[in-house]
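Heads up: the structure comes next, in structure tokens.
The values are calculated or read from the model by the stated rules, or taken from the named source; none is laboratory data. None of these values were measured; they are calculated from a predicted model. Cβ sites come from the backbone with ideal geometry, for glycine too, and all protein chains shown count toward neighbours. Each accessible area value is taken on the protein alone, full model and side chains, heavy atoms only, with ligands, DNA and RNA left out. Shrake-Rupley method; radii C 1.70, N 1.55, O 1.52, S 1.80 Å.
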Amino acid sequence: MGDLEQQLASQLIKATKVVEEQLDSEIHRLENMKDDDLEALRQKRMEQMKQAAKSREQWLANGHGKYEEIPTEKDFFDACKKSKNVVCHFYRDSTFRCKIVDKHLAILAPKHVECRFLKLNAEKAPFLTQRLSIRVIPTITLVKDEKTKDFVVGFDDLGGHDEFSTEMMEWRIAQADVINYSGDLLSPPDMKEKKSILGFAGKNIRSKHNGDGDLSDDNDW
């Protein structure tokens, strides 16, 4: 065995030992918990579950859990006031790719009730499209705490083609922290080779977002 192999083996043994020690320590802590500690832990968990149920009820009451169209710009502002997290698809009837976005967002809406999923006809929202500098359709606006955090403009951030998966859309939306995401934010689901967000979507995010909630894209729609 060469020196390099010996070093790797030694490091692996050390890492394994550290994990085992951490596991043993946690098992020891759990085995030696007093009844009062267990009861406190149970109560804390119960409160967390109650709060989660309460939040879910509030979200559903505010229209979460479904992907729906809103008729006016006022409805957009009202939705952003009521909901902490909002995903809004600015679409146009004559743009085929908007139908593709509709399909994916309709799947994600009931999965992520913590966020409200909307669509708004860009031709009926001149004030918003101008204010947000929306020039490419489809554009998905990602809003958190009444502030525009990010935009998904066209399909460039989704692989640059029409055949991206719903998981890819979910991953891209999660970059703005408007949904709870359990996957790896650094790894686009549709990419065979893992790429850093800084080398993939992160570059696009920075190039399109100028810090005040507007886009700097020059393509007209």
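When you look at residue 54, is it touching a strand residue (DSSP E or B) at 6+ places or on another chain (Cβ under 9 Å), without any contact (Cβ under 8 Å) to a residue 40 or more places away in the chain and not in a strand (DSSP E or B), yes or no? Give the steps one after another, and end with the answer.
Details: touching a strand residue (DSSP E or B) at 6+ places or on another chain (Cβ under 9 Å): no; without any contact (Cβ under 8 Å) to a residue 40 or more places away in the chain: yes; not in a strand (DSSP E or B): yes.
For residue 54, the condition - touching a strand residue (DSSP E or B) at 6+ places or on another chain (Cβ under 9 Å), without any contact (Cβ under 8 Å) to a residue 40 or more places away in the chain and not in a strand (DSSP E or B) - is not met.
From 66, 74, 34, which residue is open to solvent by 80 Å² or more (accessible area, probe 1.4 Å) and over 27 Å from the mean Cα position of the chain (by Cα)?
On the way: 66 fails: over 27 Å from the mean Cα position of the chain (by Cα); 74 fails: over 27 Å from the mean Cα position of the chain (by Cα).
Checking each option against the conditions leaves just 34.
Would you check if there is a residue in the stretch 115-129 being within 20 Å of residue 92 (Cβ to Cβ), in contact with a helix residue (DSSP H, G or I) (Cβ under 9 Å, 6 or more places away or on another chain) and among the polar types (S, T, N, Q)?
yes
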